[in-house]
Structures are given as structure tokens and as C-alpha cells.
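Novice: Next up is a structure, given as C-alpha cells.
The values are calculated or read from the model by the stated rules, or taken from the named source; none is laboratory data. Note that the coordinates shown come from a computational prediction; the quantities given were computed from them, not determined experimentally. With ideal geometry, Cβ positions are generated from the backbone for all residues, glycine too; neighbour counts draw on all protein chains shown. For accessibility, only protein heavy atoms count, side chains too; no ligands or nucleic acids. Shrake-Rupley method; radii C 1.70, N 1.55, O 1.52, S 1.80 Å.
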Amino acid sequence: VQRAGRKIREIGYAFDSDSFLAGDLTTLSDHLTESGIVEMAYQQEPESILWPVRADGAWLGLTYNREQEVLAWHRHDTDGDVESPCVAPDPANNRDTLWLAVKRTIGGATKRYIEYLDPDRSNVDSFVLYNGAATVTIPGLSHLEGETVDALADGFVVRGKVVAGGQITLDTAASVVV
């Protein structure tokens, strides 16, 4: 990352000129780095992705595969500010896991969470998995007290449930709820 935090460069060797080049990876997406990159982590498996975090808490991704000429920026919105990314190996699943320090405002109070990106549920954040007997009451949500959440209950989307007393109440009983 260059000093101003706006450009991310790659270094590569050019055989034709017998020199090293420092190409700008943000040329076509410099609007994404306007507030500046303050920290980033690199995930190698299962996909090659650079995970930058901006000064304003926005979380970005750069899918990178030079062999296939893939250079794709993506922004990931979450309810809160990402403060720090970290990638750690997950030997049990033969891949890397992205961990994030996230600052959220829950019930008017600022809270910080350590969360990880589950590749099998990449479109959810701060989630809990219930897998048991069919029920309409899903507990274990005290970290989201007062928040309005959506759920996937036995494969059906359930929207707009407010967490009260650390739980939500579904309209129909379900046995697997995310």
C-alpha cells in the first residue's frame, strides 16, 4: 500500500525489460480506496483474495489471480465498522479463514466482536446456527439484543425479527436456523 493509502501495488518481474515493475492494482477502482487503506490481510486458499480495510471501517476484497488475468474488486457491507482483518490457516478444512475485528452499535452501546467469514455462509454476519428439535424460539442471540435480523429457517427466508431477551420467535417451527 502506498503511503497515502490510496493505491495498492504488486511487484513483478518483467523478462522483456529485465526489471521489476510495481503495477497499480487500484487503477480501475480508485474510488473504493478514497478514505485510505489502513490494514489488510491475504487469503491464499480456497481463493486468492486480498482483504483491505479502509479508514472509515469499510471492508473490501480483491480477488487476484495473475495467471488467469483475474483482478476483481468487491465491497462487503456489514452492520458496523471492520477495524482489523486477519487470515489464519484452517488445517482441518485445508483452507485459510478470514477473521475480522468488527465494531458494532447494538442497543445503543458500542461493542466489538471477533468474527470469521464462513465460506459456506458468506452472505451473513454475526450469525448463530440452531440445529435441533423443531421450535419457534431461537435462543443465543443476546449479542444482537434489540436488532432486527433475518434468518434462514429450514431453507425459507424469514425477515424482520427483532431480538428480545436474546432470542427471536419464528412464525413456523424450524429445526435448522441460521
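Novice: Report every pair of residues separated by at least 6 positions or lying on different chains whose Cβ atoms are under 9 Å apart, first residue within region 7-19 and in contact (Cβ under 8 Å) with a residue 40 or more places away in the chain, second of a type in the set (D, E, K, R) and open to solvent by 100 Å² or more (accessible area, probe 1.4 Å).
Specialist: E10/R66; G12/R66
Novice: Please pick out the residue among G146, G160 that is part of a loop (DSSP other than H, G, I, E, B) and under 24 Å from G107 (Cα atoms).
Specialist: G146
Novice: Exactly one condition in (1) of a type in the set (S, T, Y); (2) over 18 Å from the mean Cα position of the chain (by Cα); (3) over 24 Å from Y113 (Cα atoms) is not met by S48; state its number.
Specialist: So S48 meets the others, but not (2).
Novice: Which residues, counting only those in region 28-46, are on the phi < 0 side of the Ramachandran plot, out of contact with any helix residue (DSSP H, G or I) (no Cβ under 9 Å at 6 or more places or on another chain) and not in a strand (DSSP E or B)?
Specialist: Hits for region 28-46 are L28, S29, D30, H31, L32, T33, E34, S35, Q44, E45.
Novice: While we're on this one: Working only within region 32-77, note down all residues that are surrounded by 18 or more Cβ atoms within 10 Å (Cβ to Cβ), small (G, A, S) and touching a strand residue (DSSP E or B) at 6+ places or on another chain (Cβ under 6 Å).
Specialist: A41, G61
Novice: Please work out which one of (1) closer than 30 Å to A55 by Cα; (2) at pLDDT 95 or above; (3) in contact with an Asp or Glu (Cβ under 7 Å, 6 or more places away or on another chain) is the condition C86 fails and give its number.
Specialist: Condition not satisfied by C86: (3).
Novice: Kindly establish whether E115 is modelled with pLDDT under 90, on the phi < 0 side of the Ramachandran plot and assigned to a strand (DSSP E or B).
Specialist: yes
Novice: Related question: For region 9-29, give me the residue count where each residue is out of contact with any Gly (no Cβ under 8 Å at 6 or more places or on another chain), among the charged types (D, E, K, R) and either modelled with pLDDT under 85 or open to solvent by less than 70 Å² (accessible area, probe 1.4 Å) (or both).
Specialist: Looking only at that region, the number is 1.
Novice: Something else about it: Has region 127-143 got any residue that is touching a Lys or Arg at 6+ places or on another chain (Cβ under 7 Å) and either in a loop (DSSP other than H, G, I, E, B) or open to solvent by 60 Å² or more (accessible area, probe 1.4 Å) (or both)?
Specialist: Yes, there is a match, as at least one residue in region 127-143 is touching a Lys or Arg at 6+ places or on another chain (Cβ under 7 Å) and either in a loop (DSSP other than H, G, I, E, B) or open to solvent by 60 Å² or more (accessible area, probe 1.4 Å) (or both).
Novice: Which condition number does P85 fail, the rest of (1) part of a strand (DSSP E or B); (2) out of contact with any Ser or Thr (no Cβ under 7 Å at 6 or more places or on another chain); (3) open to solvent by 40 Å² or more (accessible area, probe 1.4 Å); (4) under 27 Å from G23 (Cα atoms) being met?
Specialist: Condition (3) is where P85 drops out.
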